[in-house]
1. Give me the extension gain from residue 280 to residue 320: residue separation times 0.36 nm, minus the current Cα-Cα distance, reported in nm with one decimal.
2. Which of the GluC sites (Glu not before Pro) found in the range 204-311 are in a DSSP loop and have at most 15 neighbouring Cβ atoms, other than their own, within 10 Å?
3. Going by average Cβ density within 10 Å per residue, which order do the peptides 114-124, 261-271 take, highest to lowest?
4. Give, in nm to one decimal, the length gained when the segment between residue 230 and residue 372 is fully stretched (0.36 nm per residue of separation minus the Cα-Cα distance).
5. As an exercise, take the mean of 1/r over every pair of distinct alpha carbons in the range 82-217, invert it, and state the Kirkwood radius in angstroms.
6. For residue 119, enumerate residues with amide H under 5 Å from its amide H, sequence gap 5+ or separate chain, H modeled in the peptide plane.
7. Which residues' amide hydrogens lie under 5 Å from the amide hydrogen of residue 390, considering only partners 5 or more residues apart or on another chain, with H built in the peptide plane?
8. Excluding residues fewer than 8 places away in the same chain, name every one of the lysines whose C-alpha is closer than 19 Å to that of residue 105.
Amino acid sequence: MEKLTQQSKMNTRLLIFPAPFQGHVTPMIHLANLLYYKGFSITVIQSTYNALNPTSFSHFTFRLLDDGLLEAYAKCPPPNSFKVLADMNDNCSEPFKDCISQIMKEAGAADQERVACLIMDPMWRFAGTVANSFNLPRIALRTGSLSTYVVYNSLPLLREEGYFPLDEKKLNDPLLEFPPLKLKDLPSEEHHDLLTCALREINTARGMICNTFEDLEDAAIARLRKTFPCPIFSVGPLHKHVPASKVSIWKEDQTAIDWLNTRAPNSVLYVSFGSVAAMTEDEFNEVAWGLANSKQPFLWVVRPGLIQGSENYMLPNGFEEIVSKRGHVVKWAPQQRVLSHTAVGGFWTHGGWNSTLESICEGVPMLCLPFFGDQSMNARFVSEKWKIGLQLERGMKRDEIEKAIRKLMVEEEGKEMRSRIACLKEKSEACLMEDHSSYKSLNMLTNYILEL
């Protein structure tokens, strides 16, 4: 990565404001690293909830917002990420305003660096209003796919056409406006207000940065560029631009890599359902026995909170004896290193966008078990549009899970998926090369920021 000269950098500082969830922090910090290597100074504004350790990023300046959650959740963990986000949006507006005020005063007093813009996660519903009060330009980072953004942006139209409330008897019907989606892939109505706020923050920003690439979502990108009022910069895959950095909120268990080093190429199924999703104890046991009965080697991430209502877990009786050394269970894994390991031949994921994109970039076909949000739509694209994985359903029994695992890992259908995703992997690498789509989009973003 070629860094800008001091002259072209123009002493420019960018403010970065991620939402404090792993799926949002990861692309934002990758973007911050990328822009740092392009010559910008970076200030990361973060909440106390899930705060990153600043010592891991000595090249950034950090500002901490008191979100009021540490005391509130000291004895009672939050029920879900939506509750956390709602509480932070209620608590953080004034602290954020004070933070921006202090940063702008310091910049003015020093008379050296100008603050060019705020790059924010649109889940913060107050950030746009605060930035506008300081005449601070803002750009939104879309941390999910652009295809799902197109659907979210069309929710008012879908509501007018009578899709909501969803008819339980028609959930498997196709969503004709957005093939290959089905009605059950649409977001729950209880989250529409949150999505509306996020869409407003994006649609009123001075631009949108997207963690995707042209060859993966060309139709969605082309569609949005015709209607979106500001520039769209498809600069993904973000994690592939610059050397990897530790952006994990959770402590990574490096024994995962040691164990993978003992396994044969393409033999291991990596299983991780992300940092937020939770399943029932019955679902957990069916997953465990499906893995055991598949006879395939597996690396399984079982983090605290994976089972609803419990911070701990207990593997089923007899499970460890049956899987013996064929399975390895960790609380959290260095996912990018795992997916790039030669031993990994499949990824059982919740279908979050980061996980989906990381799997594509390493050419690893997927089993997708979506839980909420955009995961169901991502899973449908993986299974039916790109045909690089299989979509599973909540509540599946162990025999169905076993069959799906074997189909992905050892049967002909899985080999065909592996071939298709290998082609996408090549395209994800090519887009970063000079004069290709993401490379050019990144240069356009850099110039755009310097002109703000």
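1. 12.4 nm
2. Numbers: sites: 214, 217, 252, 281, 283, 286, 311; in loops: 252, 311.
Passing sites in the range 204-311 are 311.
3. Per-residue Cβ counts within 10 Å, averaged per peptide and sorted highest first, yield 114-124, 261-271.
4. In short, 48.2 nm is gained.
5. Working: mean 1/r = 0.0582 Å⁻¹.
17.2 Å is the Kirkwood radius here.
6. Those lying under 5 Å, H to H, from residue 119 are 15, 16, 17, 139.
7. Under 5 Å from the amide H of residue 390: 366, 367, 368.
8. The reachable lysines, counting only those whose Cα sits under 19 Å from residue 105, are 97.
The values are calculated or read from the model by the stated rules, or taken from the named source; none is laboratory data. This one's a predicted model, so the numbers in the text were calculated from it and none came from an experiment. Virtual Cβ from ideal backbone geometry, glycine too; neighbours counted across all protein chains shown. In case anyone asks, the SASA skips ligands and DNA or RNA and just uses the protein heavy atoms, side chains included. Shrake-Rupley method; radii C 1.70, N 1.55, O 1.52, S 1.80 Å.
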